[in-house]
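Report on the structure given below.
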Amino acid sequence: MRVKPLSIDAVRLIQPIRHADARGFFSETYSRRAFAEAGIDIGFVQDNHALSREAGTVRGLHFQTPPFAQDKLVRVVRGAIFDVAVDIRVGSPTFGQHVSAIISAAEWNQIFVPAGFAHGLVTLEPDTEVIYKVSSHYAPEHDKGLLWNDPALGINWPVNEAEAILSDKDRGQPRLAELPEYFHHEPDRTG
């Protein structure tokens, strides 16, 4: 497994090793020990699996607030996504900034998004399937979001607003300037 920090160090791109032969392949996509050795010592408690039928489907930007904040480990088992993490930790030197990466079944890569970041994606191919681990169970009263296309974020989404497929919930999320201070930067935590 190779782990590479992105321009915001707390967010990591992960490349599991795939062992292939004529029969197919085998890959260890998660090992708590290997992740801990790479500085990601998280106890994941739930796996989620999402299918998006059409390319251009936007999901996000989502997060859960404390005490149910979630770290996420995101991978794609079919198709491809443009994945985004926005730093919403007040006091962070990268507050309001984002990182993005293409995560795909073909590249067999993953992205680790820590708590304190709003996470979102847009599908780049039809019938894209995303599987992600989270470190806290779903808590509806702590389920929050950030407007995916807030100009203050400067995200260069590979889909325009008119063609994006969104839920009503995601269309109505607040902008960064309207977001309460849910998270504060903790210098001792990764990033």
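Any residue that is part of a loop (DSSP other than H, G, I, E, B), over 19 Å from the mean Cα position of the chain (by Cα) and polar (S, T, N, Q) - is there at least one of those in the range 173-190?
no
Whether any residue in the range 119-128 is among the charged types (D, E, K, R) and farther than 17 Å from R75 by Cα is what I want to check. Walk me through it before giving the result.
Taking the range 119-128 and keeping what is among the charged types (D, E, K, R), we get 125, 127.
Restricting the remaining residues to those that are farther than 17 Å from R75 by Cα gives none.
No; the residues of the range 119-128 include none that is among the charged types (D, E, K, R) and farther than 17 Å from R75 by Cα.
For the range 162-191, name all the residues that are charged (D, E, K, R), loosely packed, with under 12 Cβ neighbours inside 10 Å and either at pLDDT 95 or above or within 15 Å of H119 (Cα to Cα) (or both). Reasoning before the result, please.
Here is the first cut: in the range 162-191, the residues charged (D, E, K, R) are 163, 168-171, 175, 178, 181, 186, 188-189.
Still in the list and also loosely packed, with under 12 Cβ neighbours inside 10 Å: 163, 168-169, 178, 181, 188-189.
Across the range 162-191, the qualifying residues are E163, D168, K169, E178, E181.
Could you tell me which numbered condition S104 fails, if it satisfies all but one of (1) in contact (Cβ under 8 Å) with a residue 12 or more places away in the chain; (2) under 27 Å from Y182 (Cα atoms)?
(2)
Yes/no matrix, rows are residues, columns are (1) surrounded by 23 or more Cβ atoms within 10 Å (Cβ to Cβ); (2) more than 22 Å from N156 (Cα to Cα); (3) at pLDDT below 95:
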| site | (1), (2), (3) |
| --- | --- |
| A69 | no, yes, no |
| R78 | no, yes, no |
| G91 | no, yes, no |
| T94 | no, no, no |
| I103 | yes, no, no |
| N109 | no, no, no |
| F112 | yes, no, no |
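Say whether the condition of being out of contact with any Ser or Thr (no Cβ under 6 Å at 6 or more places or on another chain), hydrophobic (A, V, I, L, M, F, W, C), loosely packed, with under 12 Cβ neighbours inside 10 Å and not in a strand (DSSP E or B) is met by at least one residue in the range 27-35.
No, the range 27-35 contains no residue that is out of contact with any Ser or Thr (no Cβ under 6 Å at 6 or more places or on another chain), hydrophobic (A, V, I, L, M, F, W, C), loosely packed, with under 12 Cβ neighbours inside 10 Å and not in a strand (DSSP E or B).
Return the residues of the range 114-154 that are part of a loop (DSSP other than H, G, I, E, B) and surrounded by fewer than 18 Cβ atoms within 10 Å (Cβ to Cβ); say none if nothing qualifies.
Of everything in the range 114-154, those that are part of a loop (DSSP other than H, G, I, E, B) and surrounded by fewer than 18 Cβ atoms within 10 Å (Cβ to Cβ) turn out to be E125, P126, D127, H137, Y138, A139, G154.
Among (1) touching a Pro at 6+ places or on another chain (Cβ under 9 Å); (2) touching a residue at least 60 places away in the same chain (Cβ under 8 Å), there is one condition T128 misses while meeting the rest; what is its number?
(1)
Examine the range 73-86 for a residue that is among the acidic types (D, E) and touching a Leu at 6+ places or on another chain (Cβ under 7 Å), and state whether such a residue exists.
Yes, some residue in the range 73-86 is among the acidic types (D, E) and touching a Leu at 6+ places or on another chain (Cβ under 7 Å).
Any chance the range 72-90 includes a residue that's under 17 Å from V11 (Cβ atoms), part of a loop (DSSP other than H, G, I, E, B) and out of contact with any helix residue (DSSP H, G or I) (no Cβ under 8 Å at 6 or more places or on another chain)?
no
Scan the range 155-168 and give yes if some residue there is of a type in the set (A, V, I, L, M, F, W, C), in contact with a Leu (Cβ under 7 Å, 6 or more places away or on another chain) and within 25 Å of R12 (Cβ to Cβ), otherwise no.
So far as the range 155-168 goes, no, none of its residues is of a type in the set (A, V, I, L, M, F, W, C), in contact with a Leu (Cβ under 7 Å, 6 or more places away or on another chain) and within 25 Å of R12 (Cβ to Cβ).
The values are calculated or read from the model by the stated rules, or taken from the named source; none is laboratory data. It should be emphasised that the depicted structure is a prediction, and the values quoted were computed from it without experimental measurement. Cβ atoms come from the backbone with ideal geometry, glycine included; neighbour counts cover every protein chain shown.
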